Every structure is written in structure tokens, then in C-alpha cells.
Amino acid sequence: MNIMSSVALLTGATGQDGSYLAELLLDKGYEVHAIVRRSSTPNISRIDHILNHPSLADSFHLHYGDISDGEQINKILQTYQPDEIYHLGAQSHVKVSFESAEYTGNITGLSTTRILEGMRNVKKKTRMYQASSSEMFGGAASPQNEESSFIPRSPYACAKLYGYWMVKNYREGYNFFASNGILFNHESPRRGENFVTRKITIGAASIVAGKAKMLALGNLDATRDWGFAPEYVEGMYQILSHTTADDFVLATGKTHSVREFVDEVFAYIDLDVDAHVTVDPRYFRPTEVESLLGDARKAKGVLGWKPRVSFKDLVKIMVDADMRKMGLSVIGEGDEILAKHFPNKWWMGD
């Protein structure tokens, strides 16, 4: 494959993973086309630095559209004939999916079918990456790998599971090069502010800045397998660059509770957890997923992928970033960690 001439189509470019992926593909010489939902308020803050980069104007292209519109997706595919498609776009917040179940099914689930159907009309052999989710495992026994049962416990997880099976069916039925990446939780300074990790790091920074006194959270005992988003984006690229289409779990293989995340954040900046953190039942889900722990041995053995940033280091990276955004002095250990693991950091932001 001639990387320099490759064309990639990306959905979800304005999100955490999409913005990092756009930077990775551009760094590798791709021409990147991104479908971005038009909004009455600006929603491109995570990719502003790409759009304003003088040397990338000819390589990064936005197309305002909606992944709920199959006709529009088909038109974009026909026009630009991408070599690769990375489908990350979704309504991705689990708690919101309980409040907007039908919308989540339409955007998160059916959009995958629209893209697969569009691929049937493209004459060239296009590779597709589908962003699946560890939430599909739900209540399955830990650790979870590619052979584990799926027991989804939210409308979001059900929608993701629908997309996962559609990819497998089109791969087997039409000989598509379509792969699922089943990614466990991965965080970064670009994580949405309504997700628990950013809510914690922003909340702690706000307390230091004197802008808040308390941080209200939901289930502190839920445990997750947390990694660093840029590493998982590298994994997406490795999955689609593999010789054959397949499904892969990406995870650290270690689990930590929300309470542990809070403790690490507050200890790093010397705050008293008991004085500033409270539990609010409003933030509990109707059905909880108590534990997710991934087994990524297949990805490590087949792709050579493995995470480098530890849980404690992830916390430091995120806290430093949110402290800096509030104009506060930072400890700086997060910067040292990035320099150690990413000496030639390929992303431009943060």
C-alpha cells in the first residue's frame, strides 16, 4: 500500500479519538476526509489546530454531513473513493443513551450499516475500521477477550453490538475488509467533559482554582480498564494495516475503580478527597456495569500492540493538562511521561 497516496474517510473527527486519529493519519501522509455534523454552535475545537495548520490545508478536508443520512454517506464515498474508512462517529455517552435510546440506536448502530452499504457501491477495495466498545461485554465475566460473551447493559452497548455483528456479517457475506476494534476505556486531556475521568480532573482543578468546593460523582465502586487514548488510536491504525480483517480487543489488562481514580488525582495535587467529594445518586445508571477488564493478548501477539502509559501516569497527564487550561501552575510529571513514551510525539495539540 502506498501510504503517501492513501485516502482515509473519518467519522467522529471532532471527538477525542477522531482528532488524534486525524493527526496520526496526516503524520503518515494520508489525505484525510472527515464527516462533521453541522451545528448551530462550533463543535470543532479538537481539530481547530489542524484546520489552522498552514501545511495541512491540502490534506485535511471537512465535509459537513450526518451519519444518519445514508444518501449523503454514499455520495461522499463515491466522490472520494477512500482506501480506508474509520468509523468512530456515535452517540457515545452511556448514561445519555438511556435518555435517548432511539437516537442512540440510529446514530451509533444504524450508521454502521449505512457505511457498509455505501462500500458495496464503491468499486475499489476499501478497508473499514469499526469502533466497537468494551461496553458490549457488560455483565460478562472478567477478563474479557474476543471469545467472551456479550451481555450489553445499556442502549449504547446494544447499538454498538449491532454494528459489531453487521461488520462481521458483511465481512463474511461480501468478503469485505472490515474489522472491529473492541476498545476498553481510554482517556486523555481531550476526553469529553461529561465523562467521569475528565469530570474528576476538571473538578479537582476547579477546586484548586477556587472555582468550586465540591465534586459530585456517581458509582465510585465501578471498575474499568483505563488506558491512554493516543496509544489506542495507534492500535486502530495497526488493526486496519494488518494483512487480514479481524476483530481485536485493545486493553491494558489492569482494572481500577472510580474511587482509585479520584484518589490518584487528589493525591497528585495534594487535595483532601473526603473534604471535597460527594456521591450523588443522580449520576448512577439504571443498570450498572460493575467491572470491565480486557485481555489484549491477541492484539499483542498478532499486531505487536501494547500500552505504555500506566494508570498513575495517565492521571498525571490529564491533571497537568486541566490545571494548565485553568492557568494554574502544574507539577509537570505528565509532561515528563509524554516525553519518555512519545519522544517524537505525532499529535499536535495538548
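The values are calculated or read from the model by the stated rules, or taken from the named source; none is laboratory data. Small disclaimer: the values here were computed from a predicted structure and weren't measured. Neighbour counts are summed over all protein chains in view; Cβ atoms, including those assigned to glycine, are modelled from backbone coordinates with ideal geometry. Please note that ligands, DNA and RNA were not included when accessible areas were found on the heavy atoms of the full protein model with its side chains. Shrake-Rupley method; radii C 1.70, N 1.55, O 1.52, S 1.80 Å.
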If Lys and Arg each add +1 and Asp and Glu each add -1, what is the summed charge of the other residues whose beta carbon sits under 12 Å from the beta carbon of Glu336?
-> -2
Total charge of the residues flanking Trp347 in space, meaning their Cβ is under 13 Å from its Cβ, with Lys and Arg +1 and Asp and Glu -1, is -2
Of Asp225, Asp263, Asp313, the most mobile residue in a GNM of the chain (C-alpha springs, cutoff 10 Å) is Asp263
For the chain, built as a Gaussian network whose Cα springs stay under 10 Å, the top-fluctuating residue of Gly163, Gly70, Gly89 = Gly70
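In this model, which of Lys125/Lys160; Lys213/Lys306; Lys168/Lys199 are farther than 28 Å apart at the alpha-carbon? Kindly include the intermediate steps, with their values, before the conclusion.
Numbers: Lys125/Lys160 24 Å; Lys213/Lys306 39 Å; Lys168/Lys199 35 Å.
Listed pairs above 28 Å: Lys213/Lys306; Lys168/Lys199.
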Could you pull the accessible area for Leu293 with a 1.4 Å probe, rounded to 10 Å²?
-> 40
Filtering trypsin sites (Lys or Arg not before Pro) in the stretch 320-350 by DSSP loop and by at most 16 other Cβ atoms within 10 Å leaves Lys345
So what's the angle, to the nearest 10 degrees on a 0 to 90 scale, between helix 16-27 and the longest Cα principal axis of the chain?
-> 60
Please determine, in degrees from 0 to 90 and to the nearest 10, the orientation of helix 196-208 with respect to the longest principal axis defined by the Cα atoms of the chain, where the helix direction is its Cα long axis.
-> 40
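In the neighborhood of Phe177, defined by Cβ-to-Cβ distances under 15 Å, what is the net charge if each Lys or Arg adds +1 and each Asp or Glu adds -1? It would help to have the intermediate numbers written out before the result.
Values: positive: Arg120, Lys123, Lys124, Lys125, Arg127, Lys168, Arg171; negative: Asp83, Glu84, Glu172, Asp246, Asp247.
So the surrounding residues net to +2.
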Between the Cα axis of helix 229-241 and the main Cα principal axis of the chain, the angle (0 to 90°, nearest 10) is 20
Within the accessible area of the chain (1.4 Å probe), percent carbon and sulfur = 49
How about the stretch 11-51: which trypsin sites (Lys or Arg not before Pro) there lie in a loop by DSSP and see at most 10 other Cβ atoms within 10 Å?
-> Arg38
What percent does the relative contact order of the chain come to when contacts are Cα pairs within less than 8 Å and at least six residues apart?
-> 17
Determine the calculated [θ] at 222 nm for the chain from helices alone, applying -39500 (n - 2.57) to every DSSP H run no shorter than 4 residues and normalising by the residue count; nearest 500 deg cm²/dmol.
-> -11000 deg cm²/dmol
